[in-house]
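Contents: one structure, followed by commentary.
Each value in this text was obtained by applying a stated rule to the coordinates, not by laboratory testing. Model, not experiment: these values are computed from the prediction. Cβ coordinates were reconstructed from backbone atoms using ideal geometry, including for glycine residues, and neighbour counts include every protein chain displayed.
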Amino acid sequence: MASSQPETRFLYWFDPDQWGSAKPALKAAGYTLSGVLFTPCEILRAKNKKLIFAPPGAWSRICTRQGSWYRDSERAGSTMLMSDHRLPGMDIHLDAEMAVTDFVPEQPASPQQLLQVVESDAYQRQKPAQWEGIGIKDAVMFKTMFTATGFWGFGDNLKKHWLAHKANHANFLSRTFTTEHDGEQVPYSLTGNAGVCSSCVEFFNVSAPETRKLVSACPGAVVFGGAERDTYYDVKPTPRPA
C-alpha cells in the first residue's frame, strides 16, 4: 500500500534565542508555522510549506511522564521543528534525518533479552526519575487508547507491556542488540508498535543524540503523528560542529 507520508524528514532543534530569530526568517521565506496541540509527535505531519514545531511545554501535556526524557536532557527548554525537505539557511540547526526503512528484526526479543537491557548500567544511570513512576492513570489511558486503536487485544494491558516499554529505550542507551545497517552497527527497537511507548524520545533524538537508531513507532506516534505501523525508521544524527 502506498504511503502518503514523506520518505525522509528533517529534524531541527533551536534554543530559545535561535527560535526567536528563526521564526521570522522562515515566515519571510514563505513557510507557515503551526505549534502542536497535544503531543510532540504531531510534528511528523509537516508537509511542503507547512512546518510544525513543538515548544518545550508540549512535552508536559498528554505524555507528561514520558516527557521526562526531554525535561532531563540537554534538549530541555529547546524547540523542535520538522520538515519533509531541507530548509534553506537552517543547516546549522539540522539535528537528524529520519527515513523509512525495510528493516525487520530476525526474531522478536525474548523476555530474558528485554530484562537484560533494562538491567544494563547505561539505562539504570540515564533513565529519568519520573519515567518509571507509572500509576492507575497510565494503566487506564494505555488500555483505553491502545485497545480502541487496535494495537492491543483483549488480554493486553500496561503490566504485560511495561518491560518492553523500558527495554525499547534501554537498548538505544546500552546498544546491547544491534544490526548492521549501511556498514554500521545500529541499535533498534526490540518490539513492534504494541510494545513501544514514547518513540518520540528516539524519533527526535532526545536520548543518545549522537547514536544512529532504527525506531519502531509507538501507538501515539501513529495516531497523532501519522507514523507508519509495522515500520522501522532510520534516525541518523547530523554530524555535530567541531
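Here are some notes:
- Oblate is the label for segment 114-189, because the ratio a/c of its alpha-carbon gyration tensor axes (a ≥ b ≥ c) is 1.5 or higher and a/b is not greater than b/c.
- Segment 173-193 residues near the modelled GLU74 label - backbone nitrogen below 17 Å, point 7 Å along Cα→Cβ: 173-174
- Computed helical MRE - 222 nm, the chain, DSSP H runs ≥ 4 contributing -39500 (n - 2.57), nearest 500: -8500 deg cm²/dmol
- The Rg/Rh ratio of the chain, with Rg taken over Cα atoms and Rh as the Kirkwood radius over Cα pairs, comes to 0.95.
- Acute angle (nearest 10 degrees) that the helix 158-174 long axis makes with the longest principal axis of the chain, alpha-carbon atoms: 60
- FRET E, pair ALA129, LYS159, Förster distance 22 Å, beta-carbon r, rounded to 0.05: 0.55
- Other-chain or far-sequence residues with amide H under 5 Å of GLY35's (modelled H): PHE53
- Stretch gain in nm, segment THR101-GLU210, where the contour uses 0.36 nm per residue and the Cα spacing is subtracted: 37.3 nm
- Looking at segment 73-164, the chymotrypsin sites (Phe, Trp or Tyr not before Pro) that sit in a DSSP loop and have at most 14 other Cβ atoms within 10 Å of their own Cβ are PHE154.
- Under 13 Å, Cβ to Cβ, from VAL186 - net charge with Lys/Arg +1 and Asp/Glu -1: -2
- Within a straight-line Cα-Cα reach of under 20 Å, LYS127 can be paired with the following lysines, leaving aside sequence neighbours fewer than 8 residues apart in one chain: LYS159, LYS166, LYS213.
- Its alpha carbons give segment 1-114 an Rg and a Dmax of 16.1, 54 Å.
- Helix axis angle, 16-28 relative to the chain longest principal axis, alpha carbon, degrees: 60
- Bridge orientation summary for the chain: considering DSSP beta bridges with both residues in this region, about 85 percent are antiparallel.
- Considering only ALA99, ASN205, SER60, and ranking their Cα positions along the charge dipole of the chain that arises from unit charges at the beta-carbon of Lys, Arg, Asp and Glu, the one farthest toward the positive end is SER60.
- Where Rh is the Kirkwood radius over Cα pairs, Rg/Rh for segment 111-237: 0.95
- Separation of alpha-carbon centers, segment 202-242 and segment 83-147, rounded to whole Å: 8
- Restriction of the chymotrypsin sites (Phe, Trp or Tyr not before Pro) in segment 1-102 to DSSP coil positions whose beta-carbon has at most 13 other beta-carbons within 10 angstrom yields PHE38.
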